[in-house]
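Starting off with a structure, shown below.
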Amino acid sequence: MSRFLSGKFAAIEPYTPGEQPQDRSYIKLNTNENPYPPSPKVFEAIFGGNGGGEKRLAEPGAEIDKLRLYSDPEVRELSEAIAGFYHISPEQVLVGNGSDEILAFAFLAFGDDTKPVRFPAVSYGFYPVFARLFGISAEPAALREDFTIDPADYIGCGRNVVIANPNAPTGIALEPAQIEAIVKSNPDHLVIIDEAYVDFGGESVIPLIDRYDNLMVVQTFSKSRSLAGARLGFAAACREIISDMNKMKFSFNPYNVNRLSILAGTAAMKDRPYFERCTAAIRETREETAAELRRMGFTVLPSKANFLFAKSDRIGGGEYFRQLKERGILVRHWDKPEIRDYVRITVGTPQDMKTLCRVTEELLAERI
Ligand SMILES: *Cc1c(COP(=O)(O)O)cnc(C)c1O
């Protein structure tokens, strides 16, 4: 720490992202990236072709030439593609540099020390970090014994609420009716539903934004649309909330989404068949892998995401993580009391998961 850091940040414990190792190649099942490449339309959009955007004509590299110009501060083309996909209005959409930025704008806009925020105690690690960074009191609510969220902790709680649905790292989802009950019972507080994983088997509550002016849904292009490196996420909410979010954005970074990412995201959003094929493949691989792990004696939580949260009583979570890493497979482990027996395994290609299962079987055999 330098002697210049503001005292208010001295004690901040930043978010720890999963490893992105450069030293050797791993089967990378640790940060919930998509194992499949972005839609071919994304390649066309950037290298030439019309990328699914009717207006854009093929001229290879044209957008690269335009990198000397600022990007569209309103991110109109992509907002329209998102709005089209969800049958909402572009004024109900705000695109961010990853959904992490969207979440940051939301915490900044709607919380302070008199406006606490409640979220599950086991959930996305960024929520407590943003709360600390922006001086918002955080009220984590414990999960039930079976790692489900108890809606009763949120119904009529009189607090702003953030819930990842499906939750991370458990993969367990609430039903839309349960979310609606939480939203409906807190009319004077904002409920943020982080749907980073919803495309893998959950059900989006975006259709509810027309009925509830206290609901914000956040989604990302990082998982189901294979664009983690493009850094794209968005919020969907009523116009007033989006307008408040824009106030944050235009006070912070008006050109928050770069030109190439706008092209990539627009093309990905418009290629529904590709998106549906990839997410269906991942769901299928998830179920096959879960069955295989259960056959080996693992407890595997019922996941609606692109990862599995699993434990074995024959090997501890930390040990399993280390042994896999030594053998070239990266998964995620948290040394946190409630979840230290578990590892989170991203669903990769069928081949990746076969290797994971084979290596796991060998590991367990060595331990008898
Ligand atoms: C991955 C993830 C995000 C962040 O996504 P980006 O768009 O890549 O910033 C947000 N919330 C949850 C729960 C996630 O797992």
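D for the chain, whole µm²/s, Stokes-Einstein with Kirkwood Rh over alpha-carbon pairs at 20 °C and 1.002 mPa s: what number?
My calculation gives 99 µm²/s for D.
Ok, one more. Out of residues 5 or more away from residue 308 or on other chains, whose amide H comes under 5 Å of its own, with H placed 1.01 Å from N in the peptide plane?
345, 346, 347
Right, another one. Roughly speaking, to the nearest percent, how much of the chain's 1.4 Å accessible area is carbon and sulfur?
So the carbon and sulfur contribution to the accessible surface is 52 percent.
Could you tell me the accessible area of residue 212 in Å² (1.4 Å probe, neighbours in place), rounded to the nearest ten?
30
State the answer as a single residue: which of 163, 262, 303 lies farthest towards the positive end of the charge dipole of the chain, with beta carbon charges of +1 for Lys and Arg and -1 for Asp and Glu, about the Cα centre.
My answer, from the dipole projection, is 262.
Mind listing the long-range amide H neighbours of residue 226? Cut-off is under 5 Å, sequence gap 5 or more, other chains count too, H placed in the peptide plane at 1.01 Å from N.
Under 5 Å from the amide H of residue 226 lie the amide H atoms of 34, each far enough along the sequence or on another chain.
About its Cα centre, how strong a charge dipole does the chain have in debye, to the nearest 20, once Lys and Arg get +1 and Asp and Glu get -1 at the Cβ?
700
Something else: Over the stretch 241-368, consider all pairs of different Cα atoms and compute the Kirkwood hydrodynamic radius from their mean reciprocal separation; express it in Å, one decimal.
Roughly 17.3 Å, rounded to one decimal.
Once the whole set of protein chains is in place, how much accessible area is left on residue 204, using a 1.4 Å probe, in Å² to the nearest 10?
Residue 204 exposes around 30 Å² with every protein chain in place.
What's the FRET efficiency of residue 13 with residue 62 using the Cβ-Cβ distance as r and R₀ = 41 Å, to the nearest 0.05?
0.40
Which ³J(HN,Hα) values in Hz, rounded to whole numbers, follow from the phi angles of the stretch 225-238 under the Karplus curve 6.51 cos²θ - 1.76 cosθ + 1.60, where θ = phi - 60° and Gly and Pro get x?
10, 6, 10, 4, x, 7, 6, 9, x, 8, 10, 10, 6, 5
For a quick check of understanding: with a 1.4 angstrom probe and all protein chains in place, what accessible area in square angstrom does residue 76 have, to the nearest ten?
Rounded to the nearest 10, the figure is 120 Å².
Let me ask something additional. As an exercise, identify the GluC sites (Glu not before Pro) in the stretch 83-187 lying in DSSP coil whose Cβ has no more than 10 other Cβ atoms within 10 Å.
For GluC sites (Glu not before Pro) across the stretch 83-187 that sit outside H, G, I, E and B with at most 10 neighbouring Cβ atoms in 10 Å, the list reads 145.
Per residue, how many Å² of accessible area does the chain show with a 1.4 Å probe?
46
For the chain, what does -39500 (n - 2.57) per DSSP helix run (n ≥ 4), summed and divided by total residues, give at 222 nm, in deg cm²/dmol to the nearest 500?
Dividing the helical sum by the residues of the chain leaves -10500 deg cm²/dmol.
I'd like the trypsin sites (Lys or Arg not before Pro) in the stretch 180-254 restricted to DSSP loop residues with at most 12 other Cβ atoms within 10 Å, sorted by number.
In loop regions of the stretch 180-254 (DSSP not H, G, I, E or B), the sparsely surrounded trypsin sites (Lys or Arg not before Pro) are 211.
The values are calculated or read from the model by the stated rules, or taken from the named source; none is laboratory data. These figures come from a predicted structure and were not determined experimentally. Cβ coordinates were reconstructed from backbone atoms using ideal geometry, including for glycine residues, and neighbour counts include every protein chain displayed. Quick note on the areas: whole protein, heavy atoms, side chains included, nothing else; ligands and nucleic acids left out. Shrake-Rupley method; radii C 1.70, N 1.55, O 1.52, S 1.80 Å.
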